[in-house]
Structure formats: C-alpha cells, structure tokens
Amino acid sequence: MRGPGFLEQLETALPGSVAGSRLDALDPWIEIEPSRLVDVCRWLREKSEVRFDALECITAIDWFEPDSKKAAKATWQPHTELVYHLWSTASRVSIVLKVKLPRWKGDVPGQLPEVGSVTGVWRGANWHEREVYDLSGVWFTGHPDLRRILCPEDWEGHPLRKDYEQPLEYHGIRGR
Amino acid sequence: MTQPQVNPTPWIEGRFEENMVLTTVEQAINWARQSSIWPMTFGLACCAIEMMAAGASRYDLDRFGAGAFRATPRQADLMIVAGTVTYKMASRVRRLYNLMPDPKYVIAMGACTTGGGPYFKWGYHVVKGVDLVVPVDVYVPGCPPRPESLLEGLMRIQDKIQGQRIAKRTGSVGKVDDELPVPHHSGYVVSPVADGSLVFDHQKVQS
C-alpha cells in the first residue's frame, strides 16, 4: 500500500482528487482536493483494498499570515489545513489525508471555510467535526448537528484561530 | 487527736466542678458551627485529588468535623472550589452557591480559583479567579495545594466562624443587592427569548 501503486488506484478511481502526496514520510500523507474529500473517504473505507475503517482524529491547523519580520522566510500562504488520520484495523496500516482550505470563505473575514462532512462515512466524525468547528471555525456541510461542543453555545469566535481575541467580559464576569 | 468537725462541707459541693462549663450562647453556637462544617463535594480539576486526600485517612478532615462531604448544596455549609472554573461552569458555581443555606463559606482552593493560575494569560475560557463569581472567604494558594494547606484554610474558616457575633441588625433589613452577576444556566442573565424562538439546543422539546 505504501507505494505509488495505491496512489494510482486512487487516481484511477477518482480522477482529479489528489492534489499532492508524500508516501515516503514516516506518516505517509495524501493531499486531497476539498471538493472531493467525502468521495475519497468513502472510497478509502469501502472500495480500496485496504479498508480504512477507523477515523482516528481530525486536526485543524491555522496557518496564519506570518509576522512581518519572518515573512521573507515563510514558506506558506495563509490557509487552514485539515488533517485526517485513518487506520485500518484489518491491515494495521494508517494513512494521513490533508485538505487545504482558505482561512475565510472567499477571503471575507467572518465567513467560515466550508468542506464536506465525513459523518456519513465514519459516524465517529460527528463530535470531531463539532470540535473543529468550535475551536478552529471550519464549517462542515452536511453535518447532522453542527454546533459548539466545548465552548458555551453563545460563545463568539473560534479560540484556536491565531487572530482570535479573548473576550473582555462574558455575561457580567470580567475577563481579565 | 482528731479535730472536731465544726462546719462540714455540703455533700453537693464540688460535685459538678469538672462537668459544668459556663459560657455564652454566642460562643456555644459558634463552637457547634465550627466543629461541624460540612463541605460540598465540588471537585472541578486536579485540586479535587488533593481535596480527596485531605478527606482520606492520612490527613483526616474529619478531625475538624468537616469530613461529611455532601452531594447537595442544601446540606452543605462550605463550598471548597477545587479546580479550574470555566466560564461555562461559572454560572453553575454561582447557582450552587445560591442554593446553599446561610451561613455559608467558600474556600478558593488552588491557583486557578484564586486568580486564573496558569490560564491567566492565554486561557480564553477560564474565569480569572472564582471571586469574580462568588464571594470567597479563604484563599488557599498552590498548584495544587498540599492537603496540609487545605487543612490550614479550613482552620482559618473556623477562626472566622469563631469571631461571629449574634446581634440584632440595625438599619435596613432585607436582601442585599448582589454585586456579583447571577448568570442564567444558559449563559444569559436575562432570557433573550422575547419572540418565543428558541436559542439554545437544550431548550428544544423532545417530541
């Protein structure tokens, strides 16, 4: 599985879904086009010869605009990255999927970036996606019950974003 | 040669010397109160482990009459806030405090409850000291405090009880305005639902 053959199978089954890959890394990863994520996940779980039947975790990374002093050496453009760790209990292999999203949808601040929900593929993704939405502000389209899971329901902002500002006051309780 | 008994001591003399204590009602009540402080089970984070250790046999909180941890605020005199208080929890802390009968006392145990502790700077979700939500009597610093520290805090509560006076209140009698906010359990002080629409998920009625 850890070879180009697997990637070719994926490319044949779902053309145009792979945006990049690195399979010789310790954790081999494949970058997926955001619009094809759900299709790829369903293929990985149900069609591929290695059935990835477990979603271990979903991570969101906020690649914020670098500091002006460090901007010259920065190797990235501002974006939000989602990382999915998959595991096959039968074959005992894992794979990492990455999806790159804009920080804001259409670069309009306040508009959350959108990606398809994989709750239909793995039921356990439900709370993972709620947590990512709560803390990092990614909107999962097709999620059955996308609301905050850790912060109070009337919380404003998404705390793990780099440009998050702490509230000075929360319902009469002084913030700092 | 025997001395004649001119004025023998009455039989009742000295019989109660060792058994009778003269005191005031005030002192008696304070003594009873300070010897039976029932704390509320209120562990929020790692400080609760130390609180449990203080209640267990090695440190034995029961020596002070404070070993009866109650699971309901209605039966508790002392709230030991042991652990990190988040904004989400703050309204619950306040509500439980309001449910306790008077006289009631609060120990802020640990760095998080005294002033935010390690979450002071970057903890977006942590109340910067539980005294912003409930009135605190004794602060016990430490991260987490040793059980000895908690026992010391309990003894300071006992000192505070000992100093209480029974006196008629002069001036206006009645409820004092709260200087601290009373958050609704949904997070709102006043219900925002004006037009009848539901705001939060838990307000939904299961059909």
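Total residues in the stretch B:95-115 satisfying the condition of being crowded, with 24+ Cβ neighbours inside 10 Å and out of contact with any strand residue (DSSP E or B) (no Cβ under 6 Å at 6 or more places or on another chain): the figure is 2.
Here B:Cys143 meets each of (1) surrounded by fewer than 17 Cβ atoms within 10 Å (Cβ to Cβ); (2) within 14 Å of chain A (Cβ to nearest Cβ) with one exception, condition (2). Contact map, the stretch A:13-30: first residue basic (Lys, Arg), second residue outside any loop (DSSP other than H, G, I, E, B), Cβ cut-off under 7 Å, separation 6 or more or different chains; pairs are A:Arg22/A:Trp29. Here B:Ala54 fulfils each of the conditions (1) under 13 Å from the mean Cα position of the chain (by Cα); (2) modelled with pLDDT of 90 or more apart from (1).
Scanning the stretch A:70-103 for residues that are part of a loop (DSSP other than H, G, I, E, B), touching a residue at least 40 places away in the same chain (Cβ under 8 Å) and in contact with a strand residue (DSSP E or B) (Cβ under 6 Å, 6 or more places away or on another chain) yields one hit, A:Arg103.
Evaluation of B:Val138 against the conditions (1) within 14 Å of another protein chain (Cβ to nearest Cβ); (2) of a type in the set (Val, Ile, Thr); (3) within 15 Å of the chain's Cα centre (by Cα) shows that the sole unmet condition is (1).
Would you check if A:Gly106 is surrounded by fewer than 17 Cβ atoms within 10 Å (Cβ to Cβ), outside any loop (DSSP other than H, G, I, E, B) and either more than 15 Å from the chain's Cα centre (by Cα) or of a type in the set (Gly, Ala, Ser) (or both)? Yes; evaluated as a whole, the condition is true for this residue. Scanning the stretch A:4-49 for residues that are in a helix (DSSP H, G or I) and within 15 Å of A:Gly116 (Cβ to Cβ) yields A:Pro34, A:Ser35, A:Arg36, A:Leu37, A:Val38, A:Asp39, A:Val40, A:Cys41, A:Arg42, A:Trp43, A:Leu44, A:Arg45.
Rundown of residues vs (1) in a strand (DSSP E or B); (2) crowded, with 16+ Cβ neighbours inside 10 Å, yes/no style:
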{"site": "B:Glu50", "(1), (2)": "no, yes"}
{"site": "B:Ala53", "(1), (2)": "no, yes"}
{"site": "B:Arg58", "(1), (2)": "no, no"}
{"site": "B:Asp62", "(1), (2)": "no, no"}
{"site": "B:Ala68", "(1), (2)": "no, no"}
{"site": "B:Arg74", "(1), (2)": "no, no"}
{"site": "B:Met79", "(1), (2)": "yes, yes"}
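Note on the stretch A:50-62: residues that are in a strand (DSSP E or B), surrounded by 19 or more Cβ atoms within 10 Å (Cβ to Cβ) and touching a Phe, Trp or Tyr at 6+ places or on another chain (Cβ under 7 Å) amount to 2.
The number of residues in the stretch A:100-130 that are more than 12 Å from A:Cys41 (Cα to Cα) and among the aliphatic types (A, V, I, L, M) comes to 4. Take the stretch A:134-153 and flag every residue that is within 8 Å of chain B (Cβ to nearest Cβ) and of a type in the set (Asp, Glu). Correct list: A:Glu153 only.
Residues that are under 19 Å from the mean Cα position of the chain (by Cα) and polar (S, T, N, Q) were ranked within the stretch A:19-51; the one that is modelled with the highest pLDDT is A:Ser35. Checking each residue in the stretch A:1-57 for being of a type in the set (Val, Ile, Thr) and in contact with a strand residue (DSSP E or B) (Cβ under 9 Å, 6 or more places away or on another chain) picks out A:Val18, A:Ile30, A:Ile32, A:Val38, A:Val40, A:Val50.
The values are calculated or read from the model by the stated rules, or taken from the named source; none is laboratory data. Bear in mind the structure is a predicted one, so any value in this text is a computation, not a measurement. Here Cβ is always computed from backbone atoms with ideal geometry, including for glycine, and neighbour counts include all displayed protein chains.
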